[in-house]
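Student: The structure under discussion is supplied below as structure tokens; questions concerning it will follow.
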Amino acid sequence: MKHLISPLDLSTSELEGILKLGQAIMKNPGKYSNICEGKKLATLFYEPSTRTRLSFEAAMLNLGGKVLGFSSADSSSASKGESVADTIRVISSYADICAMRHPKEGAPTVAAIHSRIPVINAGDGGHNHPTQTLTDLFTIKELTGRLCSLTIGMCGDLKFGRTVHSLINAMVRYENVRFILISPNELKIPDYLRQEVLISGNISFIETNELEKYMPELDILYMTRVQRERFFNEEDYIRLKDSFILDASKMKYAKKDMYVLHPLPRVNEIAAEVDSDPRAVYFKQAEFGVYVRMALIITLLGLN
Ligand code: CP
């Protein structure tokens, strides 16, 4: 039985397999519409979500399976003090696979230890978000045709943004990938990522607070929201929240074939006027998330 807790739980060939299957599903969804008949997905969301939870549910329904779950800790027995370990022991007899989001880093790892069904990390605190990474890789591959030889700008909250951490971990496995890490000083990537992943892996990267300067070099601009819920005080959030706002004037510096991705939700960091730019692909990216999650469910249930 396989779990997906970090993007590194998948080898590059397993990852390629999921992306290829996602592509096949997108081209011919009818072929897969009954493959999960009789199977159930539990969505255990201890933290708010729109895309991840609903795209997982849509994915399972598209595959002919059923879904059950909860969408907040308050509506589960976690509010009475039940542990993640006990919850997953019970859910293992109700469902065939589960997707878990939790505010505490490592909670899905604890669940996986006690589970009899595959556990998918749907985001744990500021740590990892591997299915967003699958979505991001699918989007980049679909639009640029490659995962290597890319200059990727990541902009915003690189400290708390789990989608950034997971995407860096996944992209360093591809050749000739270069990162431009654009953030305020206080929201730079965590030190473990800088030391153990980028420096140790001899990966080319620049840390800066200048978005316009590096725009012309980028193949991908990955914008992120400042993660209010992870700040210890509101004053710091208010001071930093609008550090970078992508608007039409800044898009003028970008290549004609650069793509703007964002895991969403967006707050202020991308002006609405950018939405109509053909290089703004964040809503397409959210749509692609359903296909990769369908591919992941099929793969983890061993149905392919
Ligand atoms: N991208 C993402 O994780 O969105 P949600 O928080 O809405 O699930």
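The values are calculated or read from the model by the stated rules, or taken from the named source; none is laboratory data. Predicted model, so just to flag it, every value in this text is computed and none were measured. Ideal geometry is used to build each Cβ from the backbone, glycine not excepted, and the neighbour counts take in all protein chains shown.
Student: From the list Thr135, Thr131, Thr109, Thr87, exactly one residue is under 29 Å from Met223 (Cβ atoms), more than 12 Å from the ligand (Cβ to nearest atom), among the polar types (S, T, N, Q) and not in a strand (DSSP E or B). Which is it?
Tutor: Details: Thr135 fails: more than 12 Å from the ligand (Cβ to nearest atom); Thr131 fails: more than 12 Å from the ligand (Cβ to nearest atom); Thr87 fails: under 29 Å from Met223 (Cβ atoms).
Among Thr135, Thr131, Thr109, Thr87, only Thr109 is under 29 Å from Met223 (Cβ atoms), more than 12 Å from the ligand (Cβ to nearest atom), among the polar types (S, T, N, Q) and not in a strand (DSSP E or B).
Student: Report whether or not Ser115 is over 23 Å from Arg162 (Cα atoms), surrounded by 14 or more Cβ atoms within 10 Å (Cβ to Cβ) and more than 16 Å from the ligand (Cβ to nearest atom). Lay out the reasoning, then the answer.
Tutor: Values: over 23 Å from Arg162 (Cα atoms): yes; surrounded by 14 or more Cβ atoms within 10 Å (Cβ to Cβ): yes; more than 16 Å from the ligand (Cβ to nearest atom): yes.
It is true that Ser115 is over 23 Å from Arg162 (Cα atoms), surrounded by 14 or more Cβ atoms within 10 Å (Cβ to Cβ) and more than 16 Å from the ligand (Cβ to nearest atom).
Student: Considering region 215-235 alone, what residues qualify as being in contact with a helix residue (DSSP H, G or I) (Cβ under 7 Å, 6 or more places away or on another chain) and of a type in the set (Asp, Glu)?
Tutor: Asp219
Student: Further question on the same structure: Which one of these is more than 16 Å from the ligand (Cβ to nearest atom), crowded, with 19+ Cβ neighbours inside 10 Å and not charged (D, E, K, R): Ile238, Ile270, Ile297, Ile245? Lay out the reasoning, then the answer.
Tutor: On the way: Ile238 fails: crowded, with 19+ Cβ neighbours inside 10 Å; Ile270 fails: more than 16 Å from the ligand (Cβ to nearest atom); Ile245 fails: crowded, with 19+ Cβ neighbours inside 10 Å.
None of the others qualify; the one that does is Ile297.
Student: Also, quick follow-up: What is the residue count in region 19-53 for residues that are out of contact with any Leu (no Cβ under 8 Å at 6 or more places or on another chain), of a type in the set (Lys, Arg) and surrounded by fewer than 20 Cβ atoms within 10 Å (Cβ to Cβ)?
Tutor: Looking only at that region, the number is 3.
Student: Given the options Thr52, Thr43, name the one that is within 16 Å of the ligand (Cβ to nearest atom), modelled with pLDDT of 95 or more and either among the basic types (Lys, Arg) or not in a helix (DSSP H, G or I) (or both). Before the answer, list the steps.
Tutor: Values: Thr52 fails: either among the basic types (Lys, Arg) or not in a helix (DSSP H, G or I) (or both).
The conditions single out Thr43.
Student: Are there any pairs with C-beta distances below 9 angstrom linking a residue in region 1-26 that is free of Cβ contacts under 8 Å to residues at least 60 places away in the same chain to a residue that is of a type in the set (Phe, Trp, Tyr) and surrounded by fewer than 17 Cβ atoms within 10 Å (Cβ to Cβ), with the two at least 6 apart or on different chains, and if so which?
Tutor: none
Student: Return the total of residues in region 65-81 being away from the ligand (no atom under 16 Å from the Cβ) and surrounded by 13 or more Cβ atoms within 10 Å (Cβ to Cβ). Give the derivation first.
Tutor: Let us first name the residues in region 65-81 that are away from the ligand (no atom under 16 Å from the Cβ), namely 65-66, 68, 74-81.
Adding the requirement that they be surrounded by 13 or more Cβ atoms within 10 Å (Cβ to Cβ) leaves 65-66, 68, 76-78.
Number satisfying all stated conditions: 6.
Student: Further, regarding this structure: Anything in region 249-264 that is under 25 Å from the mean Cα position of the chain (by Cα) and either loosely packed, with under 12 Cβ neighbours inside 10 Å or of a type in the set (Phe, Trp, Tyr) (or both)? List them, or say none.
Tutor: Selection gives Asp257, Tyr259.
Student: Among (1) in a strand (DSSP E or B); (2) touching a Pro at 6+ places or on another chain (Cβ under 8 Å), where does Ala170 come up short?
Tutor: (1)
Student: Right, something else. For Ser93, are the conditions met, namely being polar (S, T, N, Q), in a loop (DSSP other than H, G, I, E, B) and closer than 28 Å to Val281 by Cα?
Tutor: Details: polar (S, T, N, Q): yes; in a loop (DSSP other than H, G, I, E, B): yes; closer than 28 Å to Val281 by Cα: no.
Spelling it out, it is not the case that Ser93 is polar (S, T, N, Q), in a loop (DSSP other than H, G, I, E, B) and closer than 28 Å to Val281 by Cα.
Student: Sticking with this one: Search region 131-146 for residues that are free of Cβ contacts under 8 Å to residues at least 24 places away in the same chain and pair each with any residue that is buried (at least 22 other Cβ atoms within 10 Å of the Cβ) when their beta-carbon atoms are under 7 Å apart and the residues are at least 6 apart or on different chains.
Tutor: none
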